[in-house]
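The next block holds one structure in the form of structure tokens; read it before the comments.
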Amino acid sequence: MMRILVTGDRGYIGTVLAPFLRRAGHEVVGLDAGWYDGCDFGSMPDVGTSLTADVRDVTPGMLEGFDAVIHLAAISNDPIGHLDPGVTFGINTEGTLHVARAAKAAGVGRFVFASSCSLYGSGGSVALAEDAAFQPVTPYGESKVRAEQGLSALADDDFSPTYMRNATAYGSSPRLRADIVVNNLTGTAFCRGEVRLQSDGSPWRPLVHIEDISRAVLAALQAPREKVHDEAFNVGVDRDVVQVRDIANQVSAIMGCGVTFAEGAGADVRDYRVDFSKIHDVLDFDPQWSIDKGIRELATDMSQRGLSVEDFEGPRFVRLERVRQLMELGVMSPDLHLDTVGVSHA
Ligand SMILES: NC(=O)c1ccc[n+]([C@@H]2O[C@H](COP(=O)([O-])OP(=O)(O)OC[C@H]3O[C@@H](n4cnc5c(N)ncnc54)[C@H](O)[C@@H]3O)[C@@H](O)[C@H]2O)c1
């Protein structure tokens, strides 16, 4: 049994990952600024102990007594990343390194970082392994590159960072996101009766279910230190590297509606294929989900939880809209510090 601190535990992945780790027998404490508190999809499960704090304000004292930190807290997509690249680097790079230095000072031996395949950016037609060159095309992608490089410089005999380069996630969560491709296409089909593509459908995307992301984190935590020390792992599965139009066709077949193109839909520069052999070979990673099963899970939950178009397209489930809402309410500063006392739920 390990004592684990999960930052970002109240977000899309965190609300699935933290209970997953608890079910595996670990003691989990969360830490989150609460940006999406109240943005629930159905009823929220018990989140256990979760401290409300900004990662930029973490102190070593807050991290004492933990065996591992899993660092999810971040500006989690390109649209928010574009708002102010300086703030994106402030949270995703400097904030990450600030937590890592605090963890190291507190004697925490393992640091599992939620990185992203988007640091490969525009890789083209070759499936990229972990030693491929970084070609990020957005501040978000660049912020993950810089975070990994900074973490690597901190690695030593007592501190082992591991970089989990997650594919684009999908799946149902108590803190659903509508702004990632499988969820978006399924929700639009559910709410509007059409599968609406935002691009021409040609880009390649590696995909992974959030429960399989949780499974990968558990595998990294439980692996011998030498297998994960200062190592990067692409997190996903080869069979789920697909073109966006293939996802649209799958959603269309399951939801029984046609595919349309949003106004101005064109090529998307974020286009990359990824090789997932290493995580399979080194960590014995055995993903349990498929895109098809994930679409069906989403459709069932959308039906049972009564998803409305207003929620799906608004601040409750679109991360950029929520950040804008908090700023308009005057409870979030331009550098994205949240005044938690004044937070109004979506
Ligand atoms: N969802 C994906 O497709 C995907 C893919 C690759 C990598 N990732 C990475 O996984 C992590 C989690 O993603 P997610 O989809 O759950 O995102 P999310 O936006 O749903 O959750 C992020 C959480 O971090 C918290 N947070 C943000 N800034 C903070 C700060 N400064 N201090 C404290 N808490 C803060 C938010 O309140 C939120 O609860 C992120 O690092 C993201 O970059 C996600």
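The values are calculated or read from the model by the stated rules, or taken from the named source; none is laboratory data. All values reported here derive from a predicted model rather than from experimental measurement. When we count neighbours, we look across all protein chains shown, and the Cβ atoms used for this are built from the backbone with ideal geometry, even at glycine. Quick note on the areas: whole protein, heavy atoms, side chains included, nothing else; ligands and nucleic acids left out. Shrake-Rupley method; radii C 1.70, N 1.55, O 1.52, S 1.80 Å.
The 3J(HN,Hα) values that the Karplus relation (6.51, -1.76, 1.60; θ = phi - 60°) gives for segment 42-56 are, in residue order, x, 8, 6, x, 4, 8, x, 7, 9, 7, 9, 7, 8, 4, 6 Hz. Gly and Pro appear as x. Roughly how many whole Å is it from the C-alpha centroid of segment 75-95 to that of segment 262-339? Segment 75-95 and segment 262-339 have Cα centres spaced 16 Å from each other. For segment 114-129 and segment 26-61, compute the distance between their C-alpha centroids and round to whole Å. Using only Cα atoms to place each centre, the spacing works out to 29 Å. Placing dummy labels 7 Å off each Cα toward the beta-carbon, the span from LYS227 to ARG56 is 3.8 nm.
Among ALA33, ALA155, ALA132, the largest mean-square fluctuation in a Gaussian network model of the chain, built with springs joining Cα atoms closer than 10 Å, belongs to ALA132.
Note on the chain: with neighbouring protein chains present and a 1.4 Å probe, carbon and sulfur make up 48 percent of its accessible heavy-atom surface. Computed on the chain, with alpha-carbon pairs under 8 angstrom and 6+ residues apart, the relative contact order is 20 percent. Would you work out which of HIS98, MET62, PRO315 lies farthest towards the positive end of the dipole of the chain, given +1 charges on the beta-carbon of Lys and Arg and -1 on that of Asp and Glu, about the Cα centre? About the Cα centre, the residue reaching furthest to the positive side is PRO315.
Under a GNM of the chain (C-alpha, springs under 10 Å), which listed residue has the highest mean-square fluctuation: ARG192, ARG177, ARG101? Sorting by GNM fluctuation, first place goes to ARG192. Membrane-span-like helices in the chain (whole DSSP H runs, Cα extent of at least 15 Å along the helix axis, mean Kyte-Doolittle hydropathy of at least -1.0): 139-154, 181-192, 210-222, 244-255, 291-304.
Solvent-accessible surface of the chain, taken per residue with a 1.4 Å probe and all protein chains present: 38 Å². Based on Cα contacts under 8 Å between residues 6+ apart, segment 60-203 shows a relative contact order of 25 percent.
Considering only CYS39, CYS117, CYS257, the mean-square fluctuation computed in a Gaussian network model of the chain, springs between alpha carbons under 10 angstrom, is largest for CYS257.
Calculated [222 nm] ellipticity per residue, helices only, for the chain: -10500 deg cm²/dmol; basis is -39500 (n - 2.57) per DSSP H run with n ≥ 4, divided by all residues, nearest 500. The figure for VAL244 is an accessible area of roughly 10 square angstrom, using a 1.4 Å probe on the protein chains alone.
Of LYS144, LYS293, the residue with the largest accessible area leads and the full order is LYS293, LYS144 (1.4 Å probe). Annotation: amide H-H contacts under 5 Å for VAL242 (H modelled 1.01 Å from N, sequence separation of 5 or more, or interchain): ARG205, LEU207.
Under 19 Å from a label point set 7 Å out along the Cα-to-Cβ vector of GLN243, the amide N atoms of segment 290-306 belong to 291-292.
For GLY171, the amide hydrogen comes within under 5 Å of the amide hydrogens of ASN183, counting only partners 5 or more places away or on other chains and with H modelled in the peptide plane. Extending 7 Å from the Cα toward the beta-carbon at both ASP335 and ASP67 defines two label points whose distance is 3.6 nm. Less than 5 angstrom separates the built amide H of ALA73 from those of THR7, GLY8, all sequence-distant by 5 or more or on a different chain. Think of segment 148-233 as having a plus end and a minus end, set by charges on the Cβ of Lys, Arg, Asp and Glu; of ALA155, SER199, THR186, THR186 sits farthest toward the positive end of this dipole.
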